[in-house]
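Shown next, in structure tokens, is the structure this report addresses.
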Ligand code: NAD
């Protein structure tokens, strides 16, 4: 892609900005035709500082793309019926195309039950069991934002996945499982690893495409990366440096891996910005379907 800087960095920030600009132009087009703006409802529960930062960024990203946002904030001790009643109202609100419930939820709220209450057509994060089932069956649906963002990033950099060995480290519903399905959908041969996988280093060295989503800082060493591999580091870990400063690092030892990888995502600035861009993309996709 000509507009992208070609080094061995997979620049998620740059691609996310391109995607967001494309969405802004698309939304402008609808508004010029006299249509209402797409709307995303954001539900935030409790005081988790990271969640507050994420929500603030997502709402700002909506604004920049011309998407209207509706913010619903609840105290940490909100009851399940109160949350479900809010979701029900949003499901029936004609101006709301997407609904995002920021995770994690406080312990007393069952995540599955809350996500299942969303209308699958408005499931902006793509985590409703219906949409996960659609992904499982290879059918259209709203897709989980982080793995979808990884696929868009690979596509924009022209990475061909067909016949490649892809290794996914981590098997969460949020990242590991869906990205394995999406890579397979593009004809990669996928191996899934987890905390009980034997000889993880060897398995990683077999990867043409290595996706790491374990939540373990610098776990994948440079020596685990096959020369020429494409490395996607999903991990976001906050560590304290020897000088006492706080720093974000991924699950991959970046310096060592970057020496041998053909392409690698940085942390921050890799997968994270793509996740936000896909939230907007899902909202606009839901809006277009809603208009029809
Ligand atoms: P999770 O805790 O739900 O799952 C982690 C997975 O990693 C598990 O399946 C576990 O089996 C595996 N694992 C843990 N330790 C391992 C080890 N030593 N060896 C091999 N496998 C191991 O986490 P998640 O929600 O999938 O998130 C993973 C990481 O990605 C976290 O750091 C999270 O913050 C980050 N994340 C980033 C984004 C983003 O937008 N960049 C989005 C979601 C998650």
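Assorted remarks:
- Per residue, the convex hull spanned by the alpha carbons of the range 165-207 comes to 50 Å³.
- More than 15 Å apart - percent of Cα-Cα pairs taken over the range 8-87: 66
- Spacing of the two label points (7 Å from each Cα toward its C-beta) at residue 116 and residue 216, in nm: 3.2
- Estimated 222 nm signal from helices in the chain, with DSSP H stretches of n ≥ 4 weighted -39500 (n - 2.57), rounded to 500: -13000 deg cm²/dmol
- Of all DSSP bridge pairs formed entirely within the range 131-281, close to 20 percent run antiparallel.
- Within the chain, DSSP assigns beta bridges of which about 10% are antiparallel (rounded to the nearest 5).
- Packing around the peptides 226-236, 59-69, taken as the average count of other Cβ atoms within 10 Å per residue, puts them in this order, highest first: 226-236, 59-69.
- Residues 116, 82, 94 arranged by fewest to most Cβ contacts within 10 Å: 94, 82, 116
- Three-way shape label, the range 139-183, alpha-carbon gyration tensor, a/c 1.5: oblate
- Largest-first principal axis extents of the Cα set of the range 68-123 (Å): 30, 19, 18
- Its Cα gyration tensor gives the chain an equivalent ellipsoid. The semi-axes, each the square root of 5 times an eigenvalue, are 32, 22, 19 Å from largest down.
- Pair-distance distribution of the range 36-76: all C-alpha pairs, bin width 10 Å, starting at 0; shares per bin in whole percent are 30, 51, 17, 1.
- Spatial offset of the range 95-120 relative to the range 239-292 amounts to 23 Å, using the alpha carbon center of each.
- Length, then width, then depth: along the principal axes, the Cα atoms of the range 10-50 run 40, 31, 8 Å.
- Going from the fewest other Cβ atoms within 10 Å to the most, the residues 25, 154 appear in the order 25, 154.
- The rule of thumb for compact globular proteins, 2.2 N^0.38 Å, goes into the C-alpha radius of gyration of the range 219-292 1.48 times.
- Restricting the calculation to Cα atoms, every distinct pair contributes to the Kirkwood radius of the range 104-242, found to be 16.1 Å.
We did not get these values from a lab; they are worked out from the coordinates using the rules stated. What you are looking at is a predicted structure, and each value in this text was computed from that prediction instead of being measured. Note that each Cβ is placed from the backbone with ideal geometry, even for glycine, and that neighbours are counted across all protein chains shown.
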